[in-house]
Amino acid sequence: MKPIILDVDTGIDDMMAIAYAAHSPEVKLIGVTTLFGNVTVEEATRNSLYVLELLGREDVPVYAGAEEPLSGNKDAYAKHVHGEDGLGGAMRDALPKGQAASLTAPQFMVEQARSMPGQLTIISVGPMTNLAKAIRSDPEFVRVVGQVIIMGGAVTVPGNVTPYAEANIHSDPEAAEFVFGSGLPIKLVGLDVTMKTLLPRTRLQEWRDQGSKLSHFLADATDFYIDAYETFSPGIGGCALHDPLAVGIVIDPTFCRTESLPVRVDTEGMHTVGRTYADRNALPNERPSIEVCLEVDADRFLAHFLSRVV
Ligand code: BDR
Ligand code: CA
C-alpha cells in the first residue's frame, strides 16, 4: 500500500479523485491537503471534508493550505466549471461535521516526507503553491519525497484557460516554474493525456441505478461538470477525468507512456502566461528533466476508474 497525500482544490474532478483513491487498496490516503484554485481554500477544505464523510473516511485528516498564488494576485476561480459550491450544487447546502487539522498543508507534506524517506507519493491536482511552499520551507524536502504526480500543463496540446495555459498552471505560474525546476521526482499528467479520458454522460445512469447517497452525489455533480464541457465544446457528450488520471497512474503506471523532458513555464508575457513547454535545448545541469505523460490507454483507465469510484 503506497502512502499518498492528495493536494486538491476540490472541484468536481478533484472529488472524483478523492473517491477513487479512497476506494483503491493499492494506495493509503494518509491526508488530503487543500488550496485555492477551482474555489477558495475554505471551500476546497469544506468540500474535501464533506466528500470524505460521504465516503465514510472521516479518519483521513484534511489540512488547509494556500489561499492565493505566490505572487498574491488571485483574480478568478472556476465556478463556471465546478459550480458555486465547487461541486455542481450536489452538496445541497449540507456541511461537513469535521474540520481541518491544525498543521498547514505544506507543514503536513514536509512532516510526512521526512518521517518516511523515499516512500511518500504526493499527488497534486490543483495549483502548485503548497508544493512550492513545502520546498521553500525545508531544503531536505526534495530529497525525501518518493514521487510527485502533478495534474497540470499542456506540453503538446492547447491550454484550457487560454490557448496556451492549463488551469492549474495558470493559477500560479511562478509556483509551477519553481516546482518543475526543483529536482523533485515529478510525473506530469497534463491535458496531453487527460483530454483523452472522457467519461460519457451515458455512464451516469449506472451510478444513479446503484441508488446510494454517494452514487447520486457523484452523478449529480458530474452532470453539472458535463454541462460545463458542453458549453465550451458543444457535442462533446462527456467530461475529462483530469484529476482521477493522476491517481490512476499511481495505482497502475502502465496507464500512460512517458517521456523524460525538461519543462518550463512562461511566468510573464502578453498572451502566454502559464504556458508549459518542453525545453529540449536546456542543459541537464540547468534544468532537471521530469516524466511527461504523452499517451494514455484511455479505455483501460476508464474501466478501472468506474470499477472503483463508487
Ligand atoms: C484542472 O483544472 C481544474 O479545474 C481541474 O480540477 C483540474 O485539476 C484541469 O485543467
Ligand atoms: Ca483540481
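The values are calculated or read from the model by the stated rules, or taken from the named source; none is laboratory data. All values derive from a computational prediction rather than experimental measurement. Positions of Cβ are generated from backbone atoms using ideal geometry, with glycine treated the same way; all protein chains shown enter the neighbour counts. Quick note on the areas: whole protein, heavy atoms, side chains included, nothing else; ligands and nucleic acids left out. Shrake-Rupley method; radii C 1.70, N 1.55, O 1.52, S 1.80 Å.
Hey, could you check segment 111-128 for residues that are small (Gly, Ala, Ser) and either closer than 16 Å to residue 10 by Cα or surrounded by 14 or more Cβ atoms within 10 Å (Cβ to Cβ) (or both) and say which is farthest from ligand 1 (Cβ to nearest atom)? The selected residue is 113.
Tell me whether segment 152-171 contains one or more residues that are away from ligand 2 (no atom under 16 Å from the Cβ), in a helix (DSSP H, G or I), open to solvent by 10 Å² or more (accessible area, probe 1.4 Å) and within 18 Å of residue 70 (Cα to Cα).
Step one: of segment 152-171, the residues away from ligand 2 (no atom under 16 Å from the Cβ) are 155-158, 162-164.
If we keep only those that are in a helix (DSSP H, G or I) too, we end up with none.
Checking segment 152-171: not a single residue is away from ligand 2 (no atom under 16 Å from the Cβ), in a helix (DSSP H, G or I), open to solvent by 10 Å² or more (accessible area, probe 1.4 Å) and within 18 Å of residue 70 (Cα to Cα).
Scoring residue 75 on the criteria (1) open to solvent by 80 Å² or more (accessible area, probe 1.4 Å); (2) modelled with pLDDT of 95 or more; (3) of a type in the set (Asp, Glu) leaves a single failure, condition (2). Annotation note: of 146, 86, 65, the sole residue that is modelled with pLDDT of 95 or more and either at positive phi or touching an Asp or Glu at 6+ places or on another chain (Cβ under 7 Å) (or both) is 86.
Quick check, is residue 228 at pLDDT 95 or above, in contact with a strand residue (DSSP E or B) (Cβ under 9 Å, 6 or more places away or on another chain), within 18 Å of residue 19 (Cα to Cα) and small (Gly, Ala, Ser)? Please lay out each step first, then the result.
Values: at pLDDT 95 or above: yes; in contact with a strand residue (DSSP E or B) (Cβ under 9 Å, 6 or more places away or on another chain): yes; within 18 Å of residue 19 (Cα to Cα): no; small (Gly, Ala, Ser): yes.
So residue 228 fails the test.
Being of a type in the set (Val, Ile, Thr) and open to solvent by 50 Å² or more (accessible area, probe 1.4 Å) is the requirement here; does residue 10 meet it? No, not satisfied. Do you know which of the residues in segment 281-310 that are within 30 Å of residue 21 (Cβ to Cβ) and among the polar types (S, T, N, Q) is surrounded by the most Cβ atoms within 10 Å (Cβ to Cβ)? Step by step, filter segment 281-310, then rank; the result is 289.
Which one of 6, 35, 55 is away from ligand 1 (no atom under 14 Å from the Cβ) and at pLDDT 95 or above?
Details: 6 fails: away from ligand 1 (no atom under 14 Å from the Cβ); 35 fails: away from ligand 1 (no atom under 14 Å from the Cβ).
Criteria check complete, one pass: 55.
Of everything in segment 174-224, what is more than 16 Å from ligand 1 (Cβ to nearest atom), closer than 16 Å to residue 54 by Cβ and aliphatic (A, V, I, L, M)? Give them in sequence order. Once the filter is applied, which keeps residues that are more than 16 Å from ligand 1 (Cβ to nearest atom), closer than 16 Å to residue 54 by Cβ and aliphatic (A, V, I, L, M), segment 174-224 yields 214, 219.
Scanning segment 129-141 for residues that are open to solvent by less than 30 Å² (accessible area, probe 1.4 Å) and away from ligand 1 (no atom under 16 Å from the Cβ) yields 132, 134, 135, 138, 141.
A search for C-beta distances below 8 Å between a residue of segment 222-247 that is charged (D, E, K, R) and any residue that is open to solvent by 50 Å² or more (accessible area, probe 1.4 Å) and modelled with pLDDT of 95 or more, counting only pairs 6+ apart in sequence or on different chains, returns 223/201.
Whether any residue in segment 22-30 is β-branched (Val, Ile, Thr), farther than 30 Å from residue 302 by Cβ, open to solvent by 10 Å² or more (accessible area, probe 1.4 Å) and away from ligand 1 (no atom under 16 Å from the Cβ) is what I want to check. Scanning segment 22-30 turns up no residue that is β-branched (Val, Ile, Thr), farther than 30 Å from residue 302 by Cβ, open to solvent by 10 Å² or more (accessible area, probe 1.4 Å) and away from ligand 1 (no atom under 16 Å from the Cβ). Condition first: closer than 27 Å to residue 178 by Cα, within 15 Å of ligand 2 (Cβ to nearest atom) and crowded, with 21+ Cβ neighbours inside 10 Å. Can you find one or more residues in segment 88-97 that meet it? So far as segment 88-97 goes, no, none of its residues is closer than 27 Å to residue 178 by Cα, within 15 Å of ligand 2 (Cβ to nearest atom) and crowded, with 21+ Cβ neighbours inside 10 Å.
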